[in-house]
Amino acid sequence: MTELTPADRRFVEFDVDDTDREQAGLNGHTIEQLSDYLDRGRVPADPSIDDSPDCEIALRGLERLRRVQLSLLDRDLKRESLRDDNWVASILDNITLEAHAGRDIPLIHPSPTARLVVTEGAVRGILRETGDKLQNVLVGRCALFGDVGVPGVPITISVDVTVFPEENIPLVADRLRQAMYAVVAQHTNLVVTAIDITVTDLSIAPQASAQGQEHT
Amino acid sequence: MSAILPPTDELDVLVRQVAGVDVLYPAGSIVATVLTATIEAVAHRLPLAPKVVMEQRADGVKVTAKIGISAAWHSGDVSRRVHDAIAAQLRQSGNPPVAQIEVIVARIG
């Protein structure tokens, strides 16, 4: 049984003011520096980036965002995507925040000397990747709510997405939810009671958008 | 109080060989890792610092491995295999009792 997010409920904000944690999360690098590193083809190799899983998660998110931007260009939707400059900036901010290792999520092992964990950042990263891989979907934000550090405690996942044209939103949300449930089950022992998906942005084909404006 | 044991890349090689392990990240502090890498780069050598960290604690040895895995595998399965491989290696090499073997899945996909 899944619950839907009420339309007027927004995400709880990340602790964006915690700059120490933000910098530590990306090994002291900013998302702009990582973007430049991608531009340079990751050459010369920078061990402070390459040896950081948080940087790698952010780099992969950046790469997928760039692919979507290129795809928008191909589909002559650049004008639409640029209608709000905050759109890309907001996704970049979230990629930065979500790449942090965050909390440790325990994995089960019978040995008393074993401490096996998957980081919250790794889970958010694979959830984001799962969403981005779906046709015409881009994950804007992904967050885990609840005590993920205690096995068996029910948690919820909240996801903001942008949906691109020609998609039936309820079907997309259902596909996304099923894919995310599968990934969480594959990589964690978390008990997920709900995956709330909020479509925060709809990208409309320029022609349709222009026609709409003519009629207003 | 714990002490970092002398570095050895034996465990690095072992962990990298575990099925599903895509990347092995340094489990030590960021500062120490970057410093070592920088010194080695200046000296035009490949970084030598082992990524799996082994510490001697009062109650035994603590080993920490931080890994990235391919999305096709299960985090639980891969981390268990890494744990079991390290535990077997420690038993074989006659190390002091194991206090803890920590395996951190830090990236998936």
*Would a scan of segment B:47-60 turn up a residue that is buried (at least 23 other Cβ atoms within 10 Å of the Cβ) and under 16 Å from A:Thr119 (Cα atoms)?*
no
*Out of the residues in segment A:34-70 that are assigned to a loop (DSSP other than H, G, I, E, B) and open to solvent by 20 Å² or more (accessible area, probe 1.4 Å), state the one that is nearest to the other protein chains (Cβ to nearest Cβ).*
A:Asp51
*Could you say which residue among A:Thr162, A:Thr130, A:Thr188 is buried (at least 18 other Cβ atoms within 10 Å of the Cβ) and more than 25 Å from A:Ile108 (Cβ to Cβ)?*
A:Thr162
*Only residues in segment B:67-80 that are in contact (Cβ under 8 Å) with a residue 40 or more places away in the chain and within 7 Å of another protein chain (Cβ to nearest Cβ) count as the first member; pair them with residues that are β-branched (Val, Ile, Thr) and open to solvent by 10 Å² or more (accessible area, probe 1.4 Å), Cβ under 9 angstrom, at least 6 apart or cross-chain, and list the lot.*
B:Gly68/B:Val21; B:Gly68/B:Val23
*asked:* Condition first: of a type in the set (A, V, I, L, M, F, W, C), surrounded by fewer than 19 Cβ atoms within 10 Å (Cβ to Cβ) and modelled with pLDDT of 90 or more. Can you find one or more residues in segment A:205-213 that meet it?
replied: no
*Enumeration of residues in segment A:97-120 that are open to solvent by 40 Å² or more (accessible area, probe 1.4 Å), more than 7 Å from chain B (Cβ to nearest Cβ) and in contact with a helix residue (DSSP H, G or I) (Cβ under 8 Å, 6 or more places away or on another chain)*: A:Arg103, A:Asp104
_Restricting to segment B:2-15, name every residue that is surrounded by 15 or more Cβ atoms within 10 Å (Cβ to Cβ), at pLDDT 90 or above and away from every other protein chain (no Cβ under 14 Å)._
B:Leu11, B:Leu14
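Can you give me the number of residues within segment A:133-155 that are open to solvent by 30 Å² or more (accessible area, probe 1.4 Å) and more than 13 Å from the chain's Cα centre (by Cα)?
Of the residues in that region, 10 qualify.
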*asked:* Quick check on segment B:100-109: of everything there that is farther than 18 Å from B:Asp12 by Cβ and either more than 8 Å from chain A (Cβ to nearest Cβ) or not β-branched (Val, Ile, Thr) (or both), which residue is surrounded by the most Cβ atoms within 10 Å (Cβ to Cβ)?
replied: B:Gly109
_Looking only at segment B:81-99, how many residues end up being under 13 Å from A:Val117 (Cα atoms) and within 8 Å of chain A (Cβ to nearest Cβ)?_
1
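Kindly indicate whether B:Val42 is at the interface with another protein chain (Cβ under 10 Å from one of its Cβ atoms), at pLDDT below 75 and open to solvent by 80 Å² or more (accessible area, probe 1.4 Å).
no
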*asked:* Name the single residue that is modelled with the highest pLDDT among those in segment A:121-143 being assigned to a strand (DSSP E or B) and away from every other protein chain (no Cβ under 14 Å).
replied: A:Ala143
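The values are calculated or read from the model by the stated rules, or taken from the named source; none is laboratory data. Predicted, not measured: the structure shown is a model, and the values here were computed from it. Because the Cβ atoms are built from the backbone with ideal geometry, glycine has one as well, and the counts that use them run over all protein chains shown. Surface areas here come from the heavy atoms of the whole protein model, side chains and all, with no ligands, DNA or RNA. Shrake-Rupley method; radii C 1.70, N 1.55, O 1.52, S 1.80 Å.
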